[in-house]
Amino acid sequence: MPRKKKTETAPVAEVKADVVTEPVTEAVAEVPVEKPAKKPAARKTADAKKPSTKAKATAKPAAKTAKAATAPKETVKIQFGTDEYDFAEIKKAVEADYKSKVKGRIKTVEIYIKPEDKAVYYVVNGDFSDKIDL
């Protein structure tokens, strides 16, 4: 087998480039807005009083997007030992208890659940407090 020749490599000199950091600005060209061509005058008949199908078509997608933007359904359960409590039921019970005792509007509610006492303490509107049993 023939021997391979050794090739010598010269050391590579480091090249340093000057880096210039300048803020990038982009020019945005304004696009002229074309006005739609005028439609011929429509005849005033019984058909003119009916809502256009175009208006109905645009209303449907808007309704779909409103449904998509709603918050997800939440379920909160409190477990303590072998007991389990549903927060939605506790909240309804607190509101019902308050409305049976006070004839006022609920603005704020603070609920304190003490599972070891099997009780719920609550404060409504910062001035009325009471307790209900679980």
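Within the range 99-134, the set of residues being in a loop (DSSP other than H, G, I, E, B) and more than 17 Å from Phe80 (Cα to Cα) comprises Val102, Lys103, Gly104, Arg105, Ile106, Lys107, Thr108, Asn125, Gly126, Asp127.
Considering only residues in the range 86-103 that are touching a strand residue (DSSP E or B) at 6+ places or on another chain (Cβ under 8 Å) and surrounded by fewer than 14 Cβ atoms within 10 Å (Cβ to Cβ), the one that is farthest from Glu74 (Cα to Cα) turns out to be Lys101. Scanning the range 100-134 for residues that are among the basic types (Lys, Arg), under 32 Å from the mean Cα position of the chain (by Cα) and modelled with pLDDT of 90 or more gives Lys107, Lys114.
The values are calculated or read from the model by the stated rules, or taken from the named source; none is laboratory data. Values in this document were obtained by computation on a predicted structure and should not be read as measured data. Here Cβ is always computed from backbone atoms with ideal geometry, including for glycine, and neighbour counts include all displayed protein chains.
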